[in-house]
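Report on the structure given below.
The values are calculated or read from the model by the stated rules, or taken from the named source; none is laboratory data. Just so it is clear, the model here is predicted, and its values are computed rather than measured. Heads up, the Cβs are rebuilt from the backbone with ideal geometry, glycines too, and the neighbour counts pull from every protein chain shown. Just so you know, the surface numbers come from the protein's heavy atoms only, side chains and all, with ligands and any DNA or RNA stripped out. Shrake-Rupley method; radii C 1.70, N 1.55, O 1.52, S 1.80 Å.
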Amino acid sequence: MAVCLLISKDGRHKPINLPHGHAVILGRGPETTIKDKACSREQLEVTADCNRKCVSVKQLGANPTSVDSQMVGKGNLLMMRAGQQLHMVNALYPYSVCFKEDPSSCQSSTEKCVGAKRPYGSSSLDGDHHKEPSGSRGPRGAQDSTQCELGESTSSPPSKLKPNTHTTDKVETFGHWSQGLKSSMQDPKMQVYKDDRVVVIKDKYPKARYHWLVLPWESIPSVKALRREHCDLLRHMEQVADGVVEQHCPDHNLLKFRLGYHAIPSMSQVHLHVISQDFDSPCLKNKKHWNSFTTNYFIDSKEIIGMLEKDGRVTVKEGTEDLLKLNLRCHVCGAEISTIPKLKEHLKTHTHGR
DNA sequence: GTTCTAGAAC
DNA sequence: GTTCTAGAAC
């Protein structure tokens, strides 16, 4: 199986591996080193087909992405081949793609990714959940049906790119921590349930006794990308969540659960939190953790679906980020509590030793 | 997202 | 002195 690399033609960063059949979201951020506000954090979704030697390019951001001189258009998709030039936004930040059997040969090809203006940094793969999956997709695949038909779901592991030891620059790549869920959801060891539309995994750092994540196979970066047509999928995610609670939580009649989304998630790929309301977990450590589940930063699934039915999109109120800085307040009785350790002691008074 | 740690708060 | 938080680094 060939591998596909996305090469920054102005040498902003080292080539980004595009695993066969995996939708990869790119935009402003450490991965591309692009800081230009005209470029969305989620500007593009690219999916490589290493069999057909093509890459689908979907524009997610508002400002124009182009392939050669052809504009993609927001929500639209264009196919790109080796030799063509992609501009991330506003005819800036040129990229090309390269398919090679031997990944190392890509860097010495005519793509001029050697001798770049800016030296490539080393990638940071600092935890196992940060690594990208090496193989299977979900049953229906991680790309939507409008993209080019992809062949087998088996793909080669991401190629190892030679780290440049002559630089101390830190350029984060596809293994960036924010992509960790995409890798976890593909890992059979993490999967609690899966069907043709969704997968359920345990949260790696649960903030309560029971804490699962329900993720769609379809690539949806965050709640911002949700539209009216996703309502049915979201209702299915709720149903699956209810089933997992019933099946995997022996105390489901005693414990209260909430199903919802973070208004501003840190991790890419939309995920429904299914969390018991005991918040009894050593992984719950700070104010941000607490407030992200107990203030309006946490939006109930029903509310999200309601917004989509009414407005066709999810709007996050201004100042939502500030909710994370609010004083600690018990979600059961409303008491304000000064520190996390005291809050944890207080919570025991509500669980009555259970 | 987590980890680490300086320094604020006690 | 210890505990705890907040922000940088990853």
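Return the subset of A:Lys194/A:Lys302; A:Lys35/A:Lys189; A:Lys100/A:Lys182; A:Lys202/A:Lys287; A:Lys14/A:Lys325 for which the Cα-Cα distance in this structure is over 27 Å, preserving the input order.
Over 27 Å Cα-Cα: A:Lys35/A:Lys189; A:Lys14/A:Lys325.
In nanometres, what is the gap between the two model label sites at A:His236 and A:Thr320, each 7 Å from Cα along Cα-to-Cβ?
2.4 nm
Roughly how many percent of the accessible protein surface of the range A:1-107 is carbon and sulfur, given a 1.4 Å probe and a whole-percent answer?
48 percent
Heavy-atom accessible area of A:Phe257 with all protein chains present, probe 1.4 Å, nearest 10 Å²?
Its accessible surface works out to 40 Å², give or take rounding.
Bin all alpha-carbon pair distances of the range A:235-329 at 10 Å intervals from 0 and give each bin's fraction as a whole percent.
14, 44, 34, 8
If I take R0 = 41 Å and measure r between the Cβ atoms of A:His252 and A:Asp36 in this structure, what FRET efficiency does the formula 1/(1 + (r/R0)^6) give, to the nearest 0.05?
With R0 = 41 Å, the Cβ-Cβ based efficiency is 0.25.
Kindly give Rg over Rh for the range A:1-107, based on alpha-carbon atoms, with the Kirkwood expression for the hydrodynamic radius.
So for the range A:1-107, dividing Rg by the Kirkwood Rh gives 0.93.
Mind checking the log10 I(q)/I(0) for the range A:184-351 at q = 0.12, 0.16 Å⁻¹? Debye, one equal scatterer per Cα, no solvent, two decimals.
-0.54, -0.96
If you filter the range A:8-68 for trypsin sites (Lys or Arg not before Pro), then keep DSSP loop positions with at most 12 other Cβ within 10 Å, what is left?
Qualifying residues, ordered by number: A:Lys35, A:Lys37.
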